[in-house]
Structures are given as C-alpha cells and as structure tokens.
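The values are calculated or read from the model by the stated rules, or taken from the named source; none is laboratory data. Being a predicted model, the structure only gives us computed values, none of them experimental. Cβ sites come from the backbone with ideal geometry, for glycine too, and all protein chains shown count toward neighbours. In case anyone asks, the SASA skips ligands and DNA or RNA and just uses the protein heavy atoms, side chains included. Shrake-Rupley method; radii C 1.70, N 1.55, O 1.52, S 1.80 Å.
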Amino acid sequence: MTYGSSGGKLALTGRSLNILITGVGGQGLITLATLLAETAIYRGVKALIAETHGLSQRGGSVEVHVRLGEVKAPLIPQGGVDVLLGLELIETARRLKTLSEDGVVLTTDIMLRPGLPGVKLPDKTSLIESMKNVVGDRLIVVPASKLAREAGGLLYANTVMLGALAASGLLDGLVDVEDLKAAVARMKRAEENMKAFQLGFDYCAATCRRGNP
Amino acid sequence: MPSKWLLFPGRATALLLGNEAIARGALEAGIGFASAYPGTPSTEIVESLAWAAQKFGIHVEWSSNEKVALEAAWAASVSGVRALAAMKHVGLNVAADAFMSIGYTGVRAGLVIVSAGDPGMWSSQNEQDNRYYGLLGYIPVFEPSDPGEAKELTVKAFEFSEEHEHAVLMITTTRVSHVRGPVELKDLPKNFKTKGWFDKDPSRFTLVPQNARARREHLVSKWEAIRDALSNLQPFNRIEGDGRILIVADGVSYLYASEAAERLGIDARMLKLATPVPLPKKLVLKALEDVDKVLVVEELEPIVENQIKALVAEEGLDIEVHGKDYTGLTGEMTLERAARSILEFLGRGAVDIPWKPVDDGGLAGKLPPRPPAMCPGCPHRATYYALRRAVNAARVKPVYSGDIGCYSLGVLPPFREQDMLIEMGGSVGAGHGFAKVLDKQIVISIIGDSTFFHAGLPALANAVYNRSPQLVLVLDNRVTAMTGEQPNPGTGINAYGEPAPMLKVEDIARAMGVEKVVVFDPFKIKEATKALKEAIEYVRDKRAPAVAVARRACALEATRRARRAGIKQPLYQVIDDKCTACGVCYNAFTCPAIEVKENGKAWINPDLCTGCSVCAEVCPFNAIVKVVEEGEGWDDVWF
C-alpha cells in the first residue's frame with residue numbers, strides 16, 4: 001500500500017509507537033495529533049488517531065490516542081503508552097497509570113482550573129514531585145507556559161510540545177522532523193506556530209534528547 | 001473544517017476522519033442527496049458533504065430531525081437518486097417509524113442509512129446496539145472497522161443497495177467515526193445524478209394493509225437472497241489463518257481481536273465480518289469447518305453470537321460457541337479486553353496480558369475531577385444563574401425538566417438545574433406530565449432551539465391543547481452548538497451557509513396559542529431574572545403554559561464571527577482592591593476564565609475571557625471592569 005500523495009517512502013521499521021495526548025478540551029490536542037499522523041503517512045508509516053468530540057470536549061478532561069507504525073486497533077491499552085504527551089499538568093498526572101514500563105512523560109507546566117465550585121488546585125511543585133515518585137526520570141516537564149507566551153500566547157503550548165517531542169528522538173524512524181517542521185509552517189498563524197515549535201525543540205534538544213523507548 | 005482531501009479528484013492516500021471517509025465514499029459513489037440531524041459521533045458525515053456539495057450540485061441538508069432526514073432520503077432514492085441519511089444511534093429511534101417500512105417498500109437508487117453508535121457513552125444517554133434494528137426492520141447491516149474500510153464499504157453499500165433494491169444500514173461507532181486513519185482515495189465521478197423521476201407503483205409504495213401483506217411476503221424471501229449475497233462480500237467478510245479455534249469479530253472489534261491475538265502470539269482461524277446482520281450463513285459454515293470452539297468478539301449485545309448459536313443448532317453441529325460470557329455486555333472494546341477474553345476462552349490466565357497499568361500510588365484519585373463545562377461567555381450559564389435567582393424570588397419549588405444539548409451540563413454544580421433528562425425533546429413532553437400531577441412544585445422545562453425544532457413542537461402543541469402549567473424555557477443560541485455549531489431552522493442559514501428562512505420560537509409559541517411569551521437577553525441578569533420571575537408567576541397563578549426565550553449567540557460562534565470580521569473583543573479584569581474574595585464569580589457563576597488567587601481573590605485569565613460582560617454584573621462589589629473596549633459591531637456578533 002502506498003501512503004501519501006507524493007514524496008518518498010521510509011521503509012517500515014516494524015516498530016510502533018503509542019502516544020497518548022492529554023489535556024483540556026480546546027487546547028488543540030486534535031490539531032497536534034493530526035499534524036503527527038499526516039506527517040507519518042506522508043512517508044508511508046501507518047497512523048491512527050482516536051479522538052473524543054461533542055459534549056465531552058467542552059472544557060473537560062480529554063485524551064487523544066495516536067498510534068504510529070505497525071498497529072491495527074485505534075485505542076492504546078492501559079499500560080501500553082510509550083509517550084504521554086501532556087498539555088496540562090493535572091490531566092497528565094491523572095494518566096500516569098497508562099504508561100508502559102519504559103514509557104516517557106512529556107508535559108507542559110500549565111495548570112488549568114476545572115470549572116467547578118470550590119475546587120482546590122494541587123500545588124504545582126508538589127504535584128510534579130508526586131509524579132516523579134511514580135515515573136522517576138522518565139518525567140520531562142517543559143516550561144511551556146513561558147515558551148508559549150514567548151511565541152504569542154498560551155494557545156501555542158500544543159506546538160511547543162510538538163517541537164519538544166520532535167527533539168526528544170522518540171519519533172525517530174516514524175516521523176521525519178523536517179517534514180514536521182514543514183507541516184507547522186503550513187499551519188494558520190504560521191509565524192507564531194513556527195516560533196513555538198522551535199522554542200520547544202530547542203528546549204528539549206538541550207535537556208531531554210533520548211533514544212527510542 | 002473538513003479535510004481538503006474530500007474534494008481531491010483522483011487517487012491518493014489521505015488521512016481522513018472515519019466520518020469524512022464515509023462522506024468521500026458517498027461522493028465516489030455519485031450520491032445526489034444527503035440529509036441528517038447532527039449527533040455525536042455522526043455529525044461530520046453530512047457536515048463534510050455540505051462543504052463539498054455545492055461543487056458537485058448535490059442536495060445536502062440539516063433536517064429538523066432524523067425522521068424527516070430519513071423520509072426525505074428514501075424519497076430521493078425511490079425517485080432514482082442515490083441518497084444517504086446520517087444520524088447517531090439514538091437518532092434512529094426518532095426515524096424508526098420510517099425505517100420499519102423501508103424494508104417493505106424497498107428502494108431504487110442506492111439508499112444508505114448511517115447510524116453512528118456510541119459504546120461507552122462518550123456523548124450519549126445510552127449505548128443501544130442498533131444492529132438489532134437491522135434484525136427488526138429486515139435491513140442488512142454493514143459495519144466497517146476503520147476509516148479506510150469505511151470509505152470502501154460505503155461505496156459497496158450503495159452498489160449493494162441498488163442491486164438488491166433494498167436499503168443498507170451502515171453502523172459505525174465512536175472508534176470508527178472519530179478515528180483518523182489512512183484512506184485510499186479513488187476517482188470522483190464526473191457527474192452526480194441529482195434529479196430523478198418517480199415511477200408510480202402504489203402496490204409497492206403505498207403500504208395500506210393489502211399491499212403491506214404482499215410486501216411482507218416479498219421481504220421475507222428477499223432477506224434470504226441478501227443473506228446469500230453477503231457470504232460473497234469480499235474482502236469485507238473474510239476468513240484469515242487456520243486452526244481448530246475460531247475467533248469471529250465484526251466492525252472495530254475485528255481490529256482489537258486481531259491485534260490482541262497477534263501480540264499474544266495465538267494461532268487461530270479468524271472470521272472477519274463487516275455484515276453482522278443478516279448472518280452470512282454460507283461463509284460462517286465454511287469458517288466453522290473442523291472447528292472445536294468459537295469465540296465471538298463484538299461490542300454490546302450478542303447479535304453475531306446468537307445468530308451463530310442458532311445456526312449451530314439448526315445444523316446440528318457439535319461446536320461450543322462463546323462470546324458475551326467472556327467479553328461482557330457493557331462499554332467499548334479495548335485491546336486489554338480482547339486479550340483477556342481470548343486468554344480466558346483458551347483457559348489461560350490473564351497474567352499473560354502484555355500490558356499492565358502503572359501503580360500511581362493513588363495519585364489520580366487525589367486530583368480534582370474535570371467534567372466538561374459550559375464555555376467562557378456561554379449564554380446558558382447566565383440563563384441558569386438568572387433562573388436560579390428568579391425561582392428564589394418567586395419562592396416556588398421548581399422541577400427542572402431537562403433536555404439534550406450543551407445546557408445538559410446544567411446538571412452539574414453549582415447550577416443543578418437539570419432534574420431529569422431522557423431524550424431529545426423530552427423536557428416539554430415529560431414537563432407536561434409533571435405539571436399535571438405536581439401541585440406543589442412548578443415545572444420548568446428547559447430546551448435548546450435545535451431540540452425545540454427537533455421534537456419540542458408536538459410537545460408544545462400538546463401542552464397548549466391539554467393546558468399544562470409549565471414554563472417552557474427555550475435557550476435560543478440559534479445554532480446546534482453541542483455538535484459543532486451546525487445551522488438549524490432558527491439560524492437563518494442553511495447547510496451550505498446560504499441565507500435561509502429564520503423560524504422564531506416566540507412566533508411559533510404565539511401561533512400555537514401560548515398566551516404568555518417573553519423574550520429576554522440572558523447577559524442582562526437583572527432583566528432576565530425579572531422576565532423569568534414573571535413567567536414563573538404566570539404559570540403558578542394562571543395554571544397555563546408560558547414560553548420564555550433566552551436569546552444570545554453561542555460564545556464559540558460569536559467570538560469566531562468577531563475574529564473573522566476583525567472586530568476587537570473587549571476584556572474584563574478584576575480590580576484587586578475592590579475584590580473581597582467572596583467567590584460569587586468563581587463559585588456561584590463558575591466562568592472558566594475566572595481563576596482564584598492564593599488569597600481567594602479573583603483573577604480573569606485574558607487568554608480565556610470572551611468579553612461577555614456578565615461577571616461584571618454578577619460581582620456584588622463592582623470589582624470587575626472592562627479594561628479593553630470592544631470594536632464596532634461587537635454587539636451584532638452575539639445575536
């Protein structure tokens with residue numbers, strides 16, 4: 001099967017990667033997932049995204065499953081997540097259970113208040129500490145609130161994290177970083193998004209580059 | 001915005017949403033007519049077609065409900081135009097009256113009815129298994145596993161329907177409709193047949209009893225021909241692998257069962273089914289040859305399992321058939337569930353499951369929940385806030401008869417103004433029953449504009465005719481917001497975005513004979529409270545129905561319109577010295593844009609504020625003020 005309308009093909013590596021993107025409805029999770037998947041199939045790598053729409057999306061806790069490579073089923077099993085890509089801290093913490101034994105957590109430092117009366121938000125530093133207790137040095141917290149604001153506003157946090165993921169090496173053999181950059185350059189508000197991508201990329205290239213999970 | 005690939009004229013592989021893939025399949029099949037009422041997870045099928053429609057001259061519409069959508073699509077089909085009607089699973093309940101007769105009449109040009117199910121209830125009030133409808137109405141069920149197959153199977157469904165002069169019910173689930181995956185595009189036709197001719201044949205199409213009896217005989221015999229044809233529906237129905245163990249799986253369950261078996265390293269014969277109803281007996285019998293036992297992996301009800309059990313009994317075969325005893329009846333399929341079912345079926349322990357959840361030491365349990373919430377600037381929040389004040393001011397004991405829409409979120413604290421919710425339009429009908437038997441409680445039926453046009457109209461006629469003392473509160477944001485802001489009869493535009501007649505709820509209410517009709521702006525809390533209090537007192541004192549219309553645009557729609565038109569959005573901020581940390585804005589009004597500082601004082605997040613102004617009125621200390629003025633035309637985008 002030939003994937004992609006044009007362009008060359010990468011040989012299938014036999015590898016698969018399960019990315020669970022989590023955050024709050026409206027943070028641009030689906031945009032992020034679509035960029036990854038389109039970039040993958042452009043080079044002949046299979047990609048599946050499972051999303052939630054409708055009522056559950058309105059400011060609620062959401063997750064998007066992205067599966068790349070040799071996969072069939074749309075949902076990642078609990079305990080099968082290779083990369084937990086978090087756009088919001090509480091939502092990331094809620095899903096640590098889904099990680100595989102050597103799964104990596106890549107999360108923003110953004111914390112959003114649930115729209116319920118009398119909600120007590122956890123303290124950010126101690127929440128990160130609790131997360132470290134569970135996953136150890138497989139936790140990478142990207143200062144995305146700062147980087148996204150530098151790029152133009154909090155809504156660019158998703159692109160910051162895409163840049164960070166691209167720099168992490170986790171996508172190697174499945175998604176080409178240059179293709180991803182080109183896809184970001186075609187986004188709406190391309191200038192801000194490219195800046196956000198680069199800021200995330202540079203941060204992670206300096207601090208969190210690792211091999212395949 | 002649907003994928004640009006929908007309109008790509010030639011061959012390519014594109015990443016498409018399952019629903020977009022169905023739309024593309026319908027286009028490749030040369031569809032001429034499509035209709036739907038939006039409902040998650042089905043909405044993007046007709047949304048995509050509407051976007052593509054004008055280029056090809058196809059008629060595409062948002063119908064006022066699913067029954068109308070199906071009736072209209074059937075009429076197009078029997079007039080020789082290929083047609084599709086789409087709806088969510090519960091939408092088929094609304095369309096069921098038409099659906100149950102369509103088997104009797106048959107069709108002419110291909111008719112595909114898409115019903116998108118929701119195992120796990122991500123966005124629905126139940127997880128009914130619509131494959132039963134196929135058995136009930138003698139309509140074959142096609143069930144794709146992923147977007148790529150959904151596209152191919154849609155094309156096949158049109159051909160099959162036309163060949164057999166019979167409708168096809170295509171059933172998807174959330175994990176097909178809302179999955180994006182690679183889809184192989186084929187050429188789009190040069191011409192789309194959008195106009196037909198109705199050849200009259202009353203003996204077939206006019207189902208008076210004498211004709212219906214003859215059609216029933218015809219239907220029953222046709223059913224067996226359809227069953228036989230489905231045995232040859234390659235490659236959608238196929239046998240893979242070999243062994244004395246058979247796993248049968250349909251729809252998306254095939255992908256779970258197949259991947260689970262592969263990852264567990266289990267060699268079994270597998271029967272992949274894309275047509276669970278009627279069971280393709282010849283193919284199943286072939287799959288059963290030399291098999292000792294069978295596991296059926298399917299979501300929800302044992303539709304395939306029970307048909308195979310019946311077949312095994314009919315044929316006197318000595319084969320064990322299992323299914324729901326291992327997979328369970330509730331919720332959606334997962335890899336873990338498929339793996340566990342297969343292992344237990346083989347007598348092996350669940351310890352072999354390759355995925356183990358991490359022990360997070362109870363961390364997840366300590367985190368605050370985050371249910372979905374009404375958006376910043378949502379007029380429903382303001383209406384609920386004003387309604388609570390009006391009820392208190394009128395000193396009545398309310399019963400809030402609820403309905404389906406974004407406003408269903410009013411069930412959550414702090415509002416708790418949805419005391420029941422069963423189905424579309426149910427608020428007014430049930431509200432009538434409540435009102436007739438409750439003499440110490442005042443019934444307030446809360447319904448959105450789209451839901452009002454969908455199924456509220458007959459209930460309002462009943463309320464007037466049978467004089468029920470209820471307040472019907474219509475939350476009129478002039479759009480079908482929950483499914484992504486589709487237009488409806490109250491919007492003033494059609495599915496293509498062209499101007500269309502705008503039906504007004506207050507005009508309809510008056511025409512139906514409602515004597516007390518009020519229209520208010522929910523963003524003006526004091527006026528809204530006054531209007532609602534008057535309406536409640538009218539219902540209490542006159543024991544007759546009243547209608548109140550809360551009119552303000554959906555905040556998502558309003559801010560989008562402003563952005564497109566380049567209209568500057570105002571911004572509100574809290575004056576720190578004036579804020580007393582009373583919490584009214586974040587605990588009683590609960591706008592998500594209002595955050596709480598360490599000292600309990602409020603802070604408005606400028607990234608989230610939509611400039612709706614309501615918090616400024618809600619604040620008892622006048623501590624919230626406008627700090628950025630709106631641009632010209634700002635007020636207009638909100639109506």
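Within the range B:604-625, if we keep just the residues that are at pLDDT below 95 and open to solvent by 20 Å² or more (accessible area, probe 1.4 Å), the residue that is nearest to A:Leu155 (Cα to Cα) turns out to be B:Asp607. Count of the range B:236-262 residues, restricted to those that are polar (S, T, N, Q) and away from chain A (no Cβ under 14 Å), is 1. Kindly establish whether B:Arg478 is open to solvent by 30 Å² or more (accessible area, probe 1.4 Å), closer than 29 Å to B:Tyr586 by Cβ and within 14 Å of chain A (Cβ to nearest Cβ). No, not satisfied.
Looking across the range A:87-101, the residues that are facing another protein chain (nearest Cβ under 8 Å) and under 26 Å from A:Lys146 (Cα atoms) come down to A:Ile90, A:Glu91, A:Ala93, A:Arg94, A:Arg95, A:Leu96. The set of residues in the range A:14-34 that are open to solvent by 30 Å² or more (accessible area, probe 1.4 Å), within 12 Å of chain B (Cβ to nearest Cβ) and assigned to a loop (DSSP other than H, G, I, E, B) comprises A:Gly26, A:Gln27.
Candidates in the range B:26-42 are the residues that are crowded, with 24+ Cβ neighbours inside 10 Å and of a type outside the set (Gly, Ala, Ser); of these, the one that is farthest from the other protein chains (Cβ to nearest Cβ) is B:Phe33. Residue under question is B:Ala581, and the condition is that it be of a type in the set (A, V, I, L, M) and over 30 Å from B:Val474 (Cβ atoms); does it hold? When the stated conditions are applied, B:Ala581 passes them.
If we scan the range B:555-563, do we find a residue that is closer than 27 Å to A:Val119 by Cβ, open to solvent by 40 Å² or more (accessible area, probe 1.4 Å) and in contact (Cβ under 8 Å) with a residue 24 or more places away in the chain? Within the range B:555-563, one or more residues are closer than 27 Å to A:Val119 by Cβ, open to solvent by 40 Å² or more (accessible area, probe 1.4 Å) and in contact (Cβ under 8 Å) with a residue 24 or more places away in the chain. Taking first residues from the range B:49-78 that are under 18 Å from B:Ser101 (Cβ atoms) and partners that are open to solvent by 40 Å² or more (accessible area, probe 1.4 Å), the Cβ contacts under 7 Å between residues at least 6 apart in sequence or on separate chains come to B:Asn65/B:Val94; B:Glu66/B:Val94; B:Lys67/B:Val94; B:Lys67/B:Asp97; B:Ser77/B:Arg108; B:Val78/B:Arg108; B:Val78/B:Phe198.
Can you find a residue in the range A:128-144 that is in contact (Cβ under 8 Å) with a residue 12 or more places away in the chain, within 11 Å of chain B (Cβ to nearest Cβ) and surrounded by 24 or more Cβ atoms within 10 Å (Cβ to Cβ)? Walk me through how you get there before you give the answer.
Within the range A:128-144, the subset in contact (Cβ under 8 Å) with a residue 12 or more places away in the chain is A:128, A:130-131, A:134-135, A:138-144.
So of that shortlist, the ones also within 11 Å of chain B (Cβ to nearest Cβ) come out as A:130-131, A:134-135, A:138.
Checking which are surrounded by 24 or more Cβ atoms within 10 Å (Cβ to Cβ) leaves us with none.
No, the range A:128-144 contains no residue that is in contact (Cβ under 8 Å) with a residue 12 or more places away in the chain, within 11 Å of chain B (Cβ to nearest Cβ) and surrounded by 24 or more Cβ atoms within 10 Å (Cβ to Cβ).
What do you reckon, is B:Ser124 in a strand (DSSP E or B) and either closer than 20 Å to B:Leu329 by Cβ or without any contact (Cβ under 8 Å) to a residue 24 or more places away in the chain (or both)? Explain how you work it out, then say what you get.
Details: in a strand (DSSP E or B): no; either closer than 20 Å to B:Leu329 by Cβ or without any contact (Cβ under 8 Å) to a residue 24 or more places away in the chain (or both): yes.
Criteria not met by B:Ser124.
Quick one: would you say B:Asp267 is of a type in the set (D, E, K, R) and either closer than 25 Å to B:Val176 by Cα or out of contact with any Gly (no Cβ under 8 Å at 6 or more places or on another chain) (or both)? Judged against the criteria, B:Asp267 is not a match. Of the helices (runs of 4 or more DSSP H) lying entirely inside the range B:267-386, those containing at least 3 residues that are within 14 Å of chain A (Cβ to nearest Cβ) and open to solvent by 10 Å² or more (accessible area, probe 1.4 Å) span B:335-345, B:363-366. Does B:Ala528 qualify as being surrounded by 23 or more Cβ atoms within 10 Å (Cβ to Cβ) and modelled with pLDDT under 95? The answer is no for B:Ala528.
Beta carbons closer than 7 Å, at least 6 apart along the sequence or on distinct chains, pair a first residue in the range B:434-445 that is of a type in the set (Lys, Arg) with a second that is open to solvent by less than 70 Å² (accessible area, probe 1.4 Å) for B:Lys436/B:Ser468.
Which residues, taken from the range A:121-172, are at positive phi and assigned to a helix (DSSP H, G or I)?
Applying the first criterion (at positive phi) to the range A:121-172 yields A:136, A:152-153, A:169.
Result: A:Gly136, single match.
Just one of the listed residues (B:Trp74, B:Trp5) is within 14 Å of chain A (Cβ to nearest Cβ) and aromatic (Phe, Trp, Tyr), and it is B:Trp5.
Could you say whether any residue in the range A:102-122 is facing another protein chain (nearest Cβ under 10 Å) and over 30 Å from B:Gly600 (Cα atoms)? Yes, some residue in the range A:102-122 is facing another protein chain (nearest Cβ under 10 Å) and over 30 Å from B:Gly600 (Cα atoms). Count of the range B:141-156 residues, restricted to those that are assigned to a loop (DSSP other than H, G, I, E, B) and in contact with a Pro (Cβ under 8 Å, 6 or more places away or on another chain), is 2. Condition check for B:Ile226 on (1) touching a Gly at 6+ places or on another chain (Cβ under 7 Å); (2) surrounded by 19 or more Cβ atoms within 10 Å (Cβ to Cβ): one failure, at (1).
Considering A:Met194, A:Met187, which residue is open to solvent by 20 Å² or more (accessible area, probe 1.4 Å), aliphatic (A, V, I, L, M) and part of a loop (DSSP other than H, G, I, E, B)? Full working, then the answer.
Values: A:Met194 fails: part of a loop (DSSP other than H, G, I, E, B).
None of the other options fit; the residue is A:Met187.
Looking at B:Glu534, B:Glu485, just one residue is within 25 Å of B:Ser613 (Cβ to Cβ), open to solvent by 10 Å² or more (accessible area, probe 1.4 Å) and under 24 Å from the mean Cα position of the chain (by Cα), and that residue is B:Glu485. One residue stands out among those in the range A:42-78 that are surrounded by fewer than 23 Cβ atoms within 10 Å (Cβ to Cβ) and more than 21 Å from B:Asp118 (Cβ to Cβ): the one that is nearest to the other protein chains (Cβ to nearest Cβ), which is A:Lys72.
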